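The values are calculated or read from the model by the stated rules, or taken from the named source; none is laboratory data. Just so it is clear, the model here is predicted, and its values are computed rather than measured. Cβ placement follows ideal geometry from the backbone for every residue including glycine, while neighbour counts extend to all protein chains displayed. When the accessible area is computed, the model is the full protein with side chains, heavy atoms only, and any ligands, DNA or RNA have been set aside. Shrake-Rupley method; radii C 1.70, N 1.55, O 1.52, S 1.80 Å.
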Amino acid sequence: MKKITIFALNLYAGGIEKYISLLCKMLENDYQIEIITTYKNNDTKIFEFSNKIKIIYLTNDYLERISIKELLKNKKYINIIKELIRRKKLEKKAKKENIKTIKEINTDYIITTRTYHNELVNKFLKNNKVITIATEHNYHNNDNKYINKLIKSVTNFNYIVQCTEELYEFYKDKIKGPINLYIPNMIDIKNKKKSQLNNKQIISVGRLSTEKGYLDLVEVMKEVNKKDKNINLIICGEGQERKQIEDKIKEYKLENNIKLLGFINEKELEEYYINSSLYVLPSISEAFGIVLLEAMYFGLPCIAFDSASGARNLLKDDVGILVNNRNINKMANNIIKLLNNMQQLEKYKKNGLKKINEFSLTKTYEKWKKILK
C-alpha cells in the first residue's frame, strides 16, 4: 500500500482542516496516510479522523494562543512582548522540525495545503522519488505579492491542485513547473435529513476573523431587525474577533437575535443546519467555501456577498443569491424577502440539492486517481 503524507498547520478548525479530514476519508482505504501537523491547539479535534490515519505533531503549542489585538487594547504591553517572544521561539522550532522531517521523509506522495509548507518542501525535499502535490485554497485577491509567493513556492512540485475553476484559469499560464489541475473540494455527509424551511433562523459557520466578515454580518442583522424582529442568527465558530463581535451585538442590542455558539462538533452542527431556513456567507474573501456545500446538502438556500470567490462559483446560475459591492442594506433586504417567500426558498433548496451532486467523494476521487497512480 502506497503512503501519502499530508502537511498541515493544525487540525483544530477551519476550511483547510475540514478539507484534510475529507481527503483522508476519501483515500484511507487505498493508501497509508500520515498527517504531519506543525502546531497543536489542544487534544480536541473538531473534525473526525479514523484510527487508520497517523497524526504526528511537531510542536505541542499553537502559534496564536493569545490575541495581540486584545492585549494592545487592554494596554498589557509586557504581556505583548512576552507573547511575541513566545511566538518567535515557537516559529523557529516549528520551522526546524518541519525541515528535519522533510529532509528525512520516507513516503510516496506529499500533499501540502499552505504556501508555508510549499516553500519548505520545494527547498528541502531530498527524495526525488516522492510525488509532490500542492493544493491551493486561498483566493489571491489580485495581491501580486501573494501570487508571486505561491508561484515561486511550487517550482519543484509535480502538481498543483486548484479548488475552483476560477483559480485554475487564473494560474494556468502563470505557474511553470508543476502541472496545474482543477479538483474541487468535496462533501461526505451521512445524515439524510433536510431543512423544512419553516422558521426564521439564519445560520453562518466560520472562523471569527477579519476576512470572514462577521462584523459586517452584525451590521446586516441590525438592518434586518429594524424590519423583522423575529429573524434570528446563529454563528458557529471561534476566533480573535469574537470580543469585537460581542461588543457590536451589545451596542446594537441584538443579544436576543444573534447567538455565538463557538466551536461545535459536526453532529451538533448538522442539527443546526436542519433547524435553520437560510445560510449566510459574509466572507470578504473565500476561495471555495465547503460550508456552502454543507448548507445546500441540508436543503438550505444560501446568500453571500459576491466578494467571496467561492460563493461566486457555487451560487451562480440561480443556485443562490449573490449580493454585490458588500451592500449591507441589499443583503438585509434580500434576507427579509427570502424568509417571507416559501416559493423562493423551495426554488433555491431544489437548485442547491442538484448542485451538490457535483461534489461527492466518488466524483472527486476519480480526479485524484489520475495523479495518485
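Averaging the inverse of every distinct alpha carbon separation and then flipping it gives the Kirkwood radius. What is it for region 73-232, in angstrom units?
19.9 Å
Using the eigenvalues of the Cα gyration tensor, what equivalent ellipsoid semi-axes result for region 222-373 when each is taken as the square root of five times the eigenvalue, whole Å, largest first?
After scaling each eigenvalue by five and taking roots: 28, 19, 15 Å.
From the helices alone, meaning DSSP H stretches of at least four residues, give me the mean residue ellipticity at 222 nm for the chain, per-run term -39500 (n - 2.57), in deg cm²/dmol to the nearest 500.
Dividing the helical sum by the residues of the chain leaves -12500 deg cm²/dmol.
Skipping prolines and chain starts, which residues have an amide H placed within reach, meaning under 5 Å, of the one on Lys40, given they are 5 or more residues away or on another chain?
Result for Lys40 returns Thr59, Asp61, Tyr62.
Quick one: compute the contact order of the chain, relative version, from alpha carbon pairs under 8 angstrom and 6+ residues apart, as a percent.
Here the relative contact order equals 13 percent.
Of the options Tyr348, Phe298, Leu372, report the single residue whose Cα projects farthest towards the positive end of the charge dipole of region 264-373 (beta-carbon charges: Lys, Arg +1; Asp, Glu -1).
So the residue we want is Leu372.
Measure out, as a whole number of angstrom, how far apart the alpha-carbon centroids of region 1-40 and region 106-161 sit.
So the two Cα centres are separated by 16 Å.
Which loop trypsin sites (Lys or Arg not before Pro) in region 124-175, with loop taken from DSSP, have no more than 16 other Cβ atoms within 10 angstrom of their Cβ?
Those satisfying the criteria are Lys126, Lys129, Lys172, Lys174.
So which trypsin sites (Lys or Arg not before Pro) in region 294-370 pass both tests, a DSSP loop state and at most 16 other Cβ atoms within 10 Å of the Cβ?
When the trypsin sites (Lys or Arg not before Pro) of region 294-370 are filtered for loop state and at most 16 Cβ neighbours within 10 Å, Lys316, Lys369, Lys370 remain.
Per 0.36 nm of contour for each residue apart, how much would the distance between Lys259 and Tyr272 grow if the chain were fully extended, relative to their Cα-Cα spacing?
Here the segment from Lys259 to Tyr272 would lengthen by 3.5 nm.
Placing +1 on the Cβ of each Lys and Arg and -1 on the Cβ of each Asp and Glu in the chain, which of Phe49, Thr132, Asn256 has its Cα farthest towards the positive end of the resulting dipole?
Thr132
Under a plain spin-label model, where a point goes 7 Å from the Cα along Cα-to-Cβ, how far apart in nm are Asp173 and Met1?
About 4.5 nm separates the two model spin labels.
Hey, could you pull the Cα Rg and Dmax for region 290-330, both in Å?
10.0, 28
Out of Ser360, Val323, Asn334, whose Cα points farthest toward the positive end of the dipole of region 292-373 (charges: +1 Lys, Arg; -1 Asp, Glu; placed on Cβ)?
Ser360
Would you work out the charge dipole size for the chain about its Cα centre, treating the Cβ of every Lys and Arg as +1 and the Cβ of every Asp and Glu as -1, and quote it to the nearest 20 debye?
So the magnitude is around 840 debye.
How about region 230-289: which trypsin sites (Lys or Arg not before Pro) there are in a DSSP loop, with at most 12 other Cβ atoms within 10 Å of their Cβ?
Loop-located and lightly packed - Lys253.
With a cut-off of 15 Å, note down the residues of region 198-216 whose backbone N falls inside the zone around a label point 7 Å from the Cα of Tyr57 toward its beta carbon.
Under 15 Å, as judged by backbone N against the label point of Tyr57, lies no residue of region 198-216.
Take the Cβ-Cβ distance between Ser50 and Lys367 as r, set R0 to 30 Å, and report the resulting FRET efficiency rounded to the nearest 0.05.
0.85
If R₀ is 35 angstrom, what is the calculated FRET efficiency for the pair Asn79 and Lys229, using the beta carbon separation as r and rounding to 0.05?
Using R0 = 35 Å, I get an efficiency of 0.30.
Report the gain in length on full extension from Glu104 to Asn341: 0.36 nm times residue separation, minus Cα-Cα distance, nm rounded to one decimal.
The span from Glu104 to Asn341 would gain 79.3 nm if fully extended.
Mind telling me which of Pro184, Pro301, Pro282 comes out most flexible in a GNM of the chain, alpha-carbon contacts under 10 Å?
Pro184
Could you estimate the translational diffusion coefficient of region 97-137 from the Stokes-Einstein equation, with Rh from the Kirkwood formula over C-alpha pairs, at 25 °C and 0.890 mPa s, in whole µm²/s?
240 µm²/s
If you average 1/r over all unlike Cα pairs in the chain and invert the result, what Kirkwood radius do you get in angstrom?
21.8 Å is the Kirkwood radius here.
For the chain, what is the accessible area per residue in Å², given a 1.4 Å probe and the full set of protein chains?
Here the residues of the chain average 48 Å² of exposed surface.
By how many nm would the segment from Gln196 to Thr210 lengthen if fully extended, with 0.36 nm per residue of separation less the alpha-carbon distance?
Full extension of this stretch gives 1.8 nm more.
Each label point is 7 Å from the Cα along the Cα-to-Cβ direction; what then is the distance between the points at Glu97 and Lys126, in nm?
Between Glu97 and Lys126, the label points sit 2.1 nm apart.
What does the highest-first list of 268-275, 117-124, 218-225 look like by mean Cβ count within 10 Å?
Peptide ranking by packing, descending: 218-225, 117-124, 268-275.
Expressed as an acute angle from 0 to 90° and rounded to the nearest 10, what is the orientation of the C-alpha long axis of helix 115-124 relative to the principal long axis of the chain?
That helix lies at roughly 0 degrees to the long axis.
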